[in-house]
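Data block below; observations after.
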Amino acid sequence: MKNKLDLYIFTSETIQDDPELKPDLKPVFKEIFSASKMSILKKETSAYKRLIEEVKLNPNEVIYVDDSKENINAAKDTGLQTILYTNNNQTILEISKIQSESDNQCLGAENGI
């Protein structure tokens, strides 16, 4: 991937508070959101609306990865780009594809296409 992406975690619980994981998560992820701490449910579109407000991005600027079809559908209904997680290689490939498509759209806009 050419461009650096800001990474966030949106977890149902509080994985970020695990003392063994915390030191590994902090340098990689810009912010970690906990649905339980935010009193929201990942299966509801309102959760993703709140997240995009929190990160100050447009929905189409967010790539959301989850292993739950229900959560993916809620995120997609909010306008996020989504990837249903099955394995790491598939996820990396799909993120690269989305990023490449985005780069091509930006290039077209710059060239007046």
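Counting only C-alpha contacts under 8 Å and six or more residues apart, can you give the relative contact order of the chain as a whole percent?
Details: 117 pairs, mean separation 20.5, N = 113.
Worked out over the chain, it gives 18 percent.
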Looking at 39, 12, 98, which one has the Cα that reaches farthest to the positive end of the dipole of region 8-110 (charges on Cβ: Lys, Arg +1; Asp, Glu -1)?
39
I'd like to compare 45-56, 68-79: which one has the highest average count of other Cβ atoms within 10 Å, and what's the full order after that?
68-79, 45-56
Report Rg (one decimal) and Dmax (nearest whole number) for region 1-80, counting Cα atoms only, units Å.
12.7, 36
Assign unit charges at the C-beta atoms only (+1 for Lys and Arg, -1 for Asp and Glu), then state the dipole size of region 1-107 relative to its Cα centre in Debye, rounded to the nearest 20.
200 debye
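How much mean residue ellipticity at 222 nm does the chain get from its helices, if each DSSP H run of length 4 or more adds -39500 (n - 2.57) and you divide by all residues, to the nearest 500 deg cm²/dmol?
Working: 5 runs with 51 residues, N = 113.
Value at 222 nm, helices only: -13500 deg cm²/dmol.
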Where Lys and Arg each count +1 and Asp and Glu each count -1, what net charge lies around residue 56 among other residues with Cβ under 14 Å from its Cβ?
-2
Length gained when the stretch residue 44-residue 100 is fully extended (0.36 nm per residue, less Cα-Cα span)
17.3 nm
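With 26 Å as the limit, write out which pairs from 22/76; 4/49; 76/97; 49/97; 37/69 have Cα-Cα distances beyond it, or answer none.
Listed pairs above 26 Å: 22/76.
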Using a 7 Å offset from the Cα along the Cα-to-Cβ direction at both residue 7 and residue 20, what is the distance between the two label points in nm, to one decimal?
1.9 nm
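What does the charge count around residue 72 come to, taking other residues whose C-beta lies under 15 Å from its C-beta (Lys +1, Arg +1, Asp -1, Glu -1)? If you can, show how the numbers build up before the last one.
Details: positive: 42, 43, 69, 76; negative: 44, 66, 67, 70, 77, 94.
With Lys, Arg at +1 and Asp, Glu at -1, the neighbours total -2.
No lab work stands behind these numbers, since they all come straight from the coordinates. Since the model is a prediction, treat every value here as computed from it, not as a measurement. Every residue, glycine among them, receives a Cβ derived from its backbone with ideal geometry; neighbour counts consider all protein chains shown.
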